[in-house]
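K.L.:
One structure, pasted below without further comment.
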Amino acid sequence: MPRENGVSRRNVLRSTAAFAGIGGLGGVAAASDGGSFRQLGPADLSDVPTDPETVPAAGVPETSDGIGPGSMLFVTPPGGGEAGCTANFVWTDDSGTTYLGAAGHCFLGSSAAGGTELDEGPELTDVEVRVCVDCQFGGAAALAGGLRGEVVELGDVVYARQRADDGTEVGFDFGLVEVPSAAEDLLDPSMPTWGGPDETGEIDAGDTVVQYGNGVVTGETVATKSRTGTGTGNDGASGSWTAVLPAAPGDSGSAVQVGEPGASGLTGVEAAGILTHVGTNGTAGTNLEKARRMTTEAGLSIEVVLAS
């Protein structure tokens, strides 16, 4: 249905459909080669109203609860416009401050690399970030005015990086936004549908990987937000991973977990990666250990909050 600003669901779907079908197409080239993956852009929400319409819980399907892995983020950079991304894990530091993880490129302009120190790079405190609690629709459905949920203001972006000095992106993309104390009661560190994380780990070839995101086409509704795939590699040198896992713009920054599939779902669920890039044959992103290492170099000491 066309909107007054000219955005229509059909046009959004047409322009983004090419990003949806990336599963099951053979091997994935090493992320460290720099040419096989492109940065998974946020969904462009410029000039699209994102004020939510509150609806009774009984009138919508069951979805995520609270703020945590899979939450839809609305990011307004200092230059204006609005981008839609997906949060990864809940993190905490030595002082007890709580953060929500994201892709660094969701907070940075295309020309900004971000710094290895907290006082380097662009003025991140000018970036406005909101999170949708119990968001019913993502991707193009939200773009077309289907957003349902409660939007909560988050705090300062305290860290963001999207590439190394030599231009390498995969394995160097991560960001953190502070969760204000007024919103801490809404935090839920578990991933919708898949549960966990019970511990932290990494994505190796052959692992069952799962994700919950808000990508266009891939994450339109609750039924399509939860996805599963197969790990294809872990590169300790670059701090990156690869997998055959469907993703599209709007999934950027989302949490990736691994676990053992069973009759009752996944067991031994591990927080393992941050989804940041997509290629013709799969997806790629930053390892958890690499994310921790980069923020340690910047002066932060963070850990993933486990579901237990």
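K.L.:
From THR218, THR224, grab the single residue that is part of a loop (DSSP other than H, G, I, E, B), polar (S, T, N, Q) and either at negative phi or surrounded by fewer than 22 Cβ atoms within 10 Å (Cβ to Cβ) (or both).
P.N.:
Sole residue among the options that is part of a loop (DSSP other than H, G, I, E, B), polar (S, T, N, Q) and either at negative phi or surrounded by fewer than 22 Cβ atoms within 10 Å (Cβ to Cβ) (or both): THR218.
K.L.:
Separate question: Pairs only if they're at least six apart or on different chains, beta carbon under 7 angstrom, first in segment 174-197 and more than 15 Å from ASP93 (Cβ to Cβ) and acidic (Asp, Glu), second at pLDDT below 95 and surrounded by fewer than 19 Cβ atoms within 10 Å (Cβ to Cβ); list them, first residue then second.
P.N.:
Every condition considered, the pairs that remain are ASP188/ASP65; ASP188/GLY66.
K.L.:
Let me ask something else about it. When residues of segment 154-212 are filtered for being charged (D, E, K, R) and in a loop (DSSP other than H, G, I, E, B), how many remain?
P.N.:
The qualifying residues number 11.
K.L.:
Please state which of the following conditions LEU306 fails to meet, knowing it meets all the rest: (1) under 20 Å from TRP91 (Cα atoms); (2) surrounded by fewer than 24 Cβ atoms within 10 Å (Cβ to Cβ); (3) aliphatic (A, V, I, L, M); (4) touching a Phe, Trp or Tyr at 6+ places or on another chain (Cβ under 7 Å).
P.N.:
(4)
K.L.:
If you don't mind, another one. When you scan segment 262-297, how many residues do you find that are crowded, with 18+ Cβ neighbours inside 10 Å and either free of Cβ contacts under 8 Å to residues at least 24 places away in the same chain or not β-branched (Val, Ile, Thr) (or both)?
P.N.:
So the count comes out to 18.
K.L.:
Let me ask you something else. Of GLU289, GLU220, which residue is among the charged types (D, E, K, R), under 23 Å from GLY96 (Cα atoms) and out of contact with any strand residue (DSSP E or B) (no Cβ under 6 Å at 6 or more places or on another chain)?
P.N.:
GLU289
K.L.:
Can you tell me how many residues within segment 227-272 are in a strand (DSSP E or B), over 17 Å from the mean Cα position of the chain (by Cα), at pLDDT 90 or above and small (Gly, Ala, Ser)?
P.N.:
4
K.L.:
Restricting attention to segment 199-215, does a residue exist that is surrounded by 24 or more Cβ atoms within 10 Å (Cβ to Cβ), touching a helix residue (DSSP H, G or I) at 6+ places or on another chain (Cβ under 6 Å) and aromatic (Phe, Trp, Tyr)?
P.N.:
Yes; the residues of segment 199-215 include at least one that is surrounded by 24 or more Cβ atoms within 10 Å (Cβ to Cβ), touching a helix residue (DSSP H, G or I) at 6+ places or on another chain (Cβ under 6 Å) and aromatic (Phe, Trp, Tyr).
The values are calculated or read from the model by the stated rules, or taken from the named source; none is laboratory data. Here the structure is a predicted model, which is why all the values come from computation and not from measurement. Neighbour counts are summed over all protein chains in view; Cβ atoms, including those assigned to glycine, are modelled from backbone coordinates with ideal geometry.
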